[in-house]
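What follows is a set of notes on a single structure, which appears directly below.
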Amino acid sequence: MRNYKIHFIRHGQTEYNASGRFQGCQTDASLSTDGIKQLIDLNETYEYPSVSVVYSSPMARCIETAGIIYPNRELVVVPPLKEIDFGDFSGKTIEELKNNDDFEEWFKDAYNVAPPNGESGFEFTLRLIDAFKWIVNDMMKSETFDAAVVTHGGVIMSLLSGIGLPKKAPNEWMIGNGKGYTCYLNTQMWVRDGVIEVAGLAPYGVINPLFENGEDD
């Protein structure tokens, strides 16, 4: 059976990233001037994988990133790929929330506890797995074997911690803006075990995959 290549790429930097503010899906920020420059520099210095189609979060920062990296590729917007809903924490910094009781409770167990008017990590992960299943089915139906998924740092962390090999905690999949991971999906392994293999970094030749710009997407 033929393998599928799927490249998860985090969007470029926004002003919220630079200031360490929780951005989530409630804040549809565009790329900052620095973020655009960083993407252009990455594109000129390294090589982003060649793909046939680009799947993207509906958020402006992702669609803009896809347009810079893959200007001549079909763009398919997948609404459930949007970032987690931080609810009442959106737009705030950790410093601004440090004395908030709801924030303390959420910070201790973000997977099971949702921010006020927001989404828990568990709910978020289920949404992402459904979105990824849709992408895989769409690729198989269209016989597309190379695709990029332009999305958010939190999406990449949560999704790969759930279905990626090797098994790692979410924070071990942190990645800088404009960077990401190349993954292989073997049909038999996916159907049997529901997992994909993380094979390397994107773009090709990039180093330092650490989470660099702000606290959350």
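The values are calculated or read from the model by the stated rules, or taken from the named source; none is laboratory data. The structure presented is a predicted model; accordingly, all values stated were derived computationally and were not measured. Every residue, glycine as well, gets a Cβ built from its backbone with ideal geometry; the counts of neighbours run over all protein chains shown. In case anyone asks, the SASA skips ligands and DNA or RNA and just uses the protein heavy atoms, side chains included. Shrake-Rupley method; radii C 1.70, N 1.55, O 1.52, S 1.80 Å.
Does region 128-136 contain any residue that is over 12 Å from the mean Cα position of the chain (by Cα), assigned to a loop (DSSP other than H, G, I, E, B), among the β-branched types (Val, Ile, Thr) and at pLDDT 95 or above? No - not one qualifying residue is present in region 128-136.
From the list Glu95, Glu64, exactly one residue is open to solvent by 60 Å² or more (accessible area, probe 1.4 Å) and more than 17 Å from the chain's Cα centre (by Cα). Which is it?
Working: Glu64 fails: more than 17 Å from the chain's Cα centre (by Cα).
None of the other options fit; the residue is Glu95.
In the condition set (1) of a type outside the set (A, V, I, L, M); (2) under 19 Å from the mean Cα position of the chain (by Cα); (3) exposed (fewer than 15 other Cβ atoms within 10 Å of the Cβ); (4) closer than 21 Å to Leu31 by Cβ, Ser50 is compliant with all but (4). Every condition in (1) out of contact with any His (no Cβ under 6 Å at 6 or more places or on another chain); (2) touching a residue at least 12 places away in the same chain (Cβ under 8 Å) holds for Thr65 except the one numbered (1).
Looking only at residues in region 163-194 that are among the aromatic types (Phe, Trp, Tyr) and out of contact with any Ser or Thr (no Cβ under 7 Å at 6 or more places or on another chain), which one is surrounded by the most Cβ atoms within 10 Å (Cβ to Cβ)? Lay out the reasoning, then the answer.
Looking only at region 163-194, we keep the residues that are among the aromatic types (Phe, Trp, Tyr), and these are 173, 181, 184, 190.
Right, trim to out of contact with any Ser or Thr (no Cβ under 7 Å at 6 or more places or on another chain) and you get 181, 184, 190.
Working: Tyr181: 22, Tyr184: 16, Trp190: 19.
Step by step, filter region 163-194, then rank; the result is Tyr181.
Within region 118-162, the set of residues being open to solvent by less than 40 Å² (accessible area, probe 1.4 Å) and more than 30 Å from Asn72 (Cα to Cα) comprises Gly118, Glu119, Ser120, Gly121, Phe124, Thr125, Ser161, Gly162.
Consider only pairs whose beta carbons are under 6 Å apart and that are at least six residues apart or on different chains; among these, list those whose first residue lies in region 124-152 and is more than 16 Å from Tyr181 (Cα to Cα) and polar (S, T, N, Q) and whose second residue is part of a strand (DSSP E or B) and modelled with pLDDT of 95 or more. Taking only residues 6 or more apart or on different chains, the pairs are Thr144/Val53. If you check Gly35 against the conditions, is it in a loop (DSSP other than H, G, I, E, B), surrounded by 20 or more Cβ atoms within 10 Å (Cβ to Cβ) and not aromatic (Phe, Trp, Tyr)? The answer is no for Gly35.
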